[in-house]
Every structure is written in C-alpha cells, then in structure tokens.
Amino acid sequence: MILGVGGVSPEQALAKLQVMTAGARPIALEEYRARIAQLQRLMQARDISAVFVDAGSSLVYFTGLKWSPSERLVGALVPARGEVRYIAPAFEEGTVRDLQVLPGSISVWAEHESPFILLAGMLAEIEVREGPRVGLSHSLPFGMYERLRQATSSLQLVDAGSLIEQCRRCKSPAELALMQRAKDMTLEVHKAAASILREGISTTEVTRFIEAAHRQVGAGGSTFCIVLFGEDSAFPHGVRQPRPLQGGDMVLIDTGCQLFGYNSDITRSYVFGTPSARQRELWNLEKAAQQAAFDAAVLGEPCERVDAAARLCLEAGGLGPDYALPGLPHRTGHGIGLDIHEAPYLVRGDRTPLDIGMCFSNEPMICVPGEFGIRLEDHFYLTADGPRWFTRPSHSVDDPFGLEA
C-alpha cells in the first residue's frame, strides 16, 4: 500500500484533527477603506463618476458586506470622490446594517418600488449628471442592467470589471495569511481522507468524511468536494454514477474550504494499492509538469507562459499535443481569493503580466480516457523573489504526503 493511504477508521482519523483557526483574523476596516481608495483612484483616471458593486464577492472585497445575489437589488455605490452608499430592500435594512463592516448610509426601497429608479436618484444626488460614465461590476445580471439602463437613459453605463479585477488580483499580506491557513487546513483534511480509504468505500462516504473533517479543523465544512476512483478519475469534474473503490485504482480528491471568505482548493491523486508501471510513469510526469509551471512563473512574464511550460513538459512525455487526450484538456491554473476561480488565468491568451501578490492554482491534469486521471493541484503566490508555494506539492507516488520525507 501507498504510505498514508488506508488503515485508519473514520473515527480515528477525525479524532486526530484539531481546530486550526487560532489567531486567524478577518480583513480589517482600514484595509477596506484602502481598497475603496484604490478603486476611486482608478475611476478618476478613467473618467468614471461612480461604480455600482452588486451583491457577491466584489461587494465583500470592497465593503466586507457578505450578501448573496438574488432577484432583489443589493449593493454599494462607490463615487469617484466621497463616501460609499448602500442600496437594499427596506425590510432588509436592519440586517444590512448589522452586517456592515465599512460604514455608509443605506437607501431603501419598498417591495412595490423600483430599486433602479432609486439608484438613479442616488446617482443624481452625488452629482452624476448627463454624460458622465457610470461603471457596473461585471457580475450584475443582464436583466438588472437593462432595468437600470432604462432608469438612467442620460448616463453611459460601462463595464467596471477591469477596474475591479485590477484591485482584486494582487493579494495583500492579510489575504495571503487567510489563504495560507485555509490551505493548511485542507491539506490536513486530505491526509485524513487518504487514511480512511478501504476496498469498496463509496465516494459519498468519503465526501461526507471530508465535510466532517473540514468542520473538525475549524471551517464551516467543505465549499466543494470531488471524489473519483479508477476510470472515473479521467473526468476532471466527475461522473453521474461514481464507482466504489477497488484495489489498484487511481484516487482523485479535489476539495476546499473557506476562512473569512478566502478559499482553499487542493487536489491529490494517488493509487490505492500498488501502482502499475504506467500509473507510476504518468504520476511522475504530472509532478514534473506542475514543477515546470511553477518554474515558469517569473515576475513580468505573461500568465500564458506558465500554461505553455506545463504543456511542453507533457508533450515531451508523449502526451497531447495541446488539448488532445491523453493529455491536459484544460488550462493549467486559475486565480483564487474570495472566489475559487477568479482572474487572471494560467491559459493561452491571458497576457496579464505576473505581479507580486497574484495567487494561482497549479494543476496541469493528465487525463487518460478509459484508464485514469491524475491531478496534482497546489497553489502558489508571487513574491519579489519569485513564486512561493502555499502548500508543499505531493512528495512521491509511494509517499504522496511526504510522511517519511
């Protein structure tokens, strides 16, 4: 058997886990104020008079207000100069006020009233007159955009997505610390999940264990979980009817959690039993491709260079080319923060220069239809000295968690 895989009961594995959130702190009020100030500087440089940020991760990023998007308009209006103002349904005012981190007035609308006419009035109050451009966060649903357009026909509504992305893509030390802790937590959960595997165990049982394990280390549970065995592991995001575990199967587990809104997302692949020569060969190739991607993450180089490096490594090993299978069917990585997947991306065509504070997954998955798939996913961030891993990559096919390293 592979070191660390199997041999422990779920009860024993859970008992070994401890809460890991001690000392972790949410983003401070002063950082939210600094984020608003950065957005306002960008707005002034691009002649944008105000930006409306609707409910979702960008609202959390700029104000700390966590509110799930729905058919009711909730958000923050950020003027190019001045204080942030909020808009919400009247019956939710008390809850919004209770959840506020960044202070600001709240304008409310009754259920029979139009929040878009109210928002138009708020724009007029901050002296956004005919002609000025008003930016909208790219997550605003089209139907809401259209109703706002009708209520503000004299204004030019523009996509503020590039401004918001520019603010969000380089993480602060406080953000990096929260992601580091979340990823540390999920890696311990991975180790525990590997230890409970046995012949015949179902993916549902493993998924439930991982949910409980994330709670045991101090998270609110798993934000997502993919568990695949054998041939199913060649499908990156799973199959309709997953098969139970058998000896000799490749195991793929991809899961994560959140800590104060910031995400972890780690995948481990290993064999339950004795690896075949082919499993061993391709596992080692996957690890080499992951390292090649990491080594290519040079400050100032375009994001697409990292993806190209991973593909060159896999092609040299006889896979591909490009997205052809057996090989790598998707991008090498994605940005991460308040969203599990966020810009920029490690993919051909993304020429965003790599910069200090950017964070990415590194997961150049190998898919071999009819046989198995291998995805080793760790994340790294850019420092002045180059890339740095959040979590130590898998050690070897025989000791994936480095228990004897």
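The values are calculated or read from the model by the stated rules, or taken from the named source; none is laboratory data. These figures come from a predicted structure and were not determined experimentally. A quick note on method: Cβ atoms are made from the backbone with ideal geometry, for glycine too, and the neighbour counts reach across all protein chains shown. For the accessible areas, the whole protein counts, side chains as well, though only heavy atoms, and no ligand, DNA or RNA atoms are used. Shrake-Rupley method; radii C 1.70, N 1.55, O 1.52, S 1.80 Å.
Which condition number in (1) part of a helix (DSSP H, G or I); (2) open to solvent by 20 Å² or more (accessible area, probe 1.4 Å); (3) closer than 27 Å to LEU176 by Cα; (4) of a type outside the set (Asp, Glu) is the one that ARG280 fails? Condition (3) is where ARG280 drops out. For the stretch 391-405, a tally of residues being touching a His at 6+ places or on another chain (Cβ under 6 Å) and either within 20 Å of THR255 (Cα to Cα) or open to solvent by 90 Å² or more (accessible area, probe 1.4 Å) (or both) returns 1.
Looking across ASP265, ASP295, ASP307, one residue alone is open to solvent by 40 Å² or more (accessible area, probe 1.4 Å), over 23 Å from LEU3 (Cβ atoms) and either of a type outside the set (S, T, N, Q) or free of Cβ contacts under 8 Å to residues at least 12 places away in the same chain (or both). It is ASP295. Applying a threshold of 9 Å to beta carbon distances and a minimum spacing of six or more residues, or different chains, the list of pairs starting in the stretch 178-202 at a residue that is over 20 Å from VAL5 (Cβ atoms) and open to solvent by 10 Å² or more (accessible area, probe 1.4 Å) and ending at one that is of a type in the set (A, V, I, L, M, F, W, C) and modelled with pLDDT of 95 or more reads GLN180/PHE390; ARG181/MET20; ARG181/ALA24; ARG181/LEU259; ASP184/MET20; ASP184/VAL217; ASP184/PHE390. All conditions but one from (1) closer than 27 Å to SER172 by Cβ; (2) surrounded by 24 or more Cβ atoms within 10 Å (Cβ to Cβ) apply to PRO302; the one that does not is (2). Scanning the stretch 334-361 for residues that are open to solvent by less than 10 Å² (accessible area, probe 1.4 Å) and either over 16 Å from ARG169 (Cα atoms) or in a loop (DSSP other than H, G, I, E, B) (or both) returns ILE336, GLY337, LEU354, GLY357, MET358.
Checking LEU312 against (1) more than 18 Å from the chain's Cα centre (by Cα); (2) in a loop (DSSP other than H, G, I, E, B): exactly one of these is not met. Which one? Condition not satisfied by LEU312: (2). Would you check which residues across the stretch 328-360 are closer than 14 Å to GLU301 by Cβ and within 10 Å of the chain's Cα centre (by Cα) and list them? Across the stretch 328-360, the qualifying residue is only PHE360.
How about the stretch 122-138: which of its residues are modelled with pLDDT of 90 or more and buried (at least 17 other Cβ atoms within 10 Å of the Cβ)? Steps first, please.
To start, the set of residues in the stretch 122-138 that are modelled with pLDDT of 90 or more comprises 122-123, 133-138.
Matches in the stretch 122-138: MET122, LEU123, ARG133, VAL134, GLY135, LEU136, SER137.
Taking each residue of the stretch 340-367 that is on the phi > 0 side of the Ramachandran plot and looking for partners that are charged (D, E, K, R) with beta-carbon atoms closer than 7 Å, six or more apart or interchain, yields GLY349/GLU304; GLY357/LYS171.
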